[in-house]
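The values are calculated or read from the model by the stated rules, or taken from the named source; none is laboratory data. The shown structure was predicted, so the numbers you read here are calculated from the model rather than taken from an experiment. Glycine also receives a Cβ, built like all others from the backbone with ideal geometry; neighbour counts cover every protein chain displayed.
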Amino acid sequence: MGLSPVAAPRADVAAIVVGGGGGERLGGASKPDLTLGGVRLIDRVCGALLEACGAGCVAVVPPAVRVPDGVRRTLEDPPNGGPLAGIDAGLRALSVGGDILVVVVSVDAPGVGAFLPALLEPALGEGSDGRIVRGGDPEPFDQYLMGVYRAGALRRVLDEAVDSLGSVRGVGVRRVLRALEVERVSVGADVCRDIDTLADVAWWEAALSK
C-alpha cells in the first residue's frame, strides 16, 4: 500500500474532508471518531492531507467531532445533506482562488496517504478539471470522493447544479461531478477501500496493525 510520500505541503493545494453519513451499518457510530490502529479516522486522514496541502484543510463534520490542530471545520446547513452538500460547504469554508487544487476525500478513506501522491503528481493536464482514483472491488469504478479538482471547476459544477436542481442537498456526487473533465489514476482495491461495515473496520484494523 506504500506509494511515494508527498515531499512537502504545497501552497497551491487545499483539502476537504467529508465527514461521512450516520454510520447506520456501523451501529450509528461516528465515522470520524472510529479508532483504527490506535488513531481516530479523522486524525489519520487529516494528518496525511496536512502533509501535502498547504492552502488549508477543512473537515465537514458535526460539532461533536473534535478536529485536529490546523484543520478548520464546517457543516452543511441544514445538516445531513449528503456528501455533495458537504463538498459545497467545505469549498465555501476554504474560500480559495479558482486556480487552487482541492483534494476531496471522505473521512472513511484510511488509504489516502497511499493514493494522494498519485493524485498530485504529475501536474494536471491543461484541459483537465481534476484527477480521481479509479479502483474498487469486484470491479474498478470512478471514486469521486477520492480526487483532486481545480477549485474554479468544482465551484462551477456545484453552482450549475443549484441553478438546475434548486439545491445540492441529497444530490448524488457522481451525478454532478461527472460533468468535470477528469483524469483517472488506477489503484488497487485495498488502497481505496472505504469503511461502511464492521467487516471493513476489521479489515482495516488488521491492515494497519501489520
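Within the stretch 49-75, can you find the residues that are aliphatic (A, V, I, L, M) and within 14 Å of VAL148 (Cα to Cα)? Walk me through it before giving the result.
Here is the first cut: in the stretch 49-75, the residues aliphatic (A, V, I, L, M) are 49-50, 52, 55, 58-61, 64-65, 67, 71, 75.
Matches in the stretch 49-75: LEU49, ALA52, ALA55.
Applying a threshold of 8 Å to beta carbon distances and a minimum spacing of six or more residues, or different chains, the list of pairs starting in the stretch 184-210 at a residue that is touching a residue at least 60 places away in the same chain (Cβ under 8 Å) and under 10 Å from GLY37 (Cα atoms) and ending at one that is part of a loop (DSSP other than H, G, I, E, B) and of a type in the set (Asp, Glu) reads ALA207/ASP190.
Applying the selection to the stretch 142-166, what residues are outside any helix (DSSP H, G or I) and farther than 28 Å from VAL45 by Cα?
If we filter the stretch 142-166 for residues that are outside any helix (DSSP H, G or I), which is where we start, we get 142-150, 166.
Hit for the stretch 142-166 is GLY166, nothing else.
Taking the criterion of being closer than 17 Å to VAL157 by Cβ and part of a helix (DSSP H, G or I), the residues of the stretch 92-121 that qualify are ARG92, LEU94.
Looking across the stretch 48-64, just one residue is surrounded by fewer than 18 Cβ atoms within 10 Å (Cβ to Cβ) and either assigned to a helix (DSSP H, G or I) or free of Cβ contacts under 8 Å to residues at least 12 places away in the same chain (or both), and that is LEU50.
Of the residues VAL45, VAL67, the single one that is assigned to a helix (DSSP H, G or I), buried (at least 17 other Cβ atoms within 10 Å of the Cβ) and either of a type in the set (Val, Ile, Thr) or without any contact (Cβ under 8 Å) to a residue 60 or more places away in the chain (or both) is VAL45.
Might you let me know whether the stretch 26-33 holds any residue that is surrounded by fewer than 22 Cβ atoms within 10 Å (Cβ to Cβ), out of contact with any strand residue (DSSP E or B) (no Cβ under 8 Å at 6 or more places or on another chain), at pLDDT below 95 and of a type in the set (Asp, Glu)? Looking through the stretch 26-33, none of the residues is surrounded by fewer than 22 Cβ atoms within 10 Å (Cβ to Cβ), out of contact with any strand residue (DSSP E or B) (no Cβ under 8 Å at 6 or more places or on another chain), at pLDDT below 95 and of a type in the set (Asp, Glu). The set of residues in the stretch 76-91 that are within 21 Å of MET146 (Cβ to Cβ) and either assigned to a helix (DSSP H, G or I) or of a type outside the set (Gly, Ala, Ser) (or both) comprises GLU76, PRO83, LEU84, ALA85, GLY86, ILE87, ASP88, ALA89, GLY90, LEU91. Scanning the stretch 157-183 for residues that are within 15 Å of the chain's Cα centre (by Cα), touching a residue at least 60 places away in the same chain (Cβ under 8 Å) and surrounded by fewer than 18 Cβ atoms within 10 Å (Cβ to Cβ) yields one hit, GLY172.
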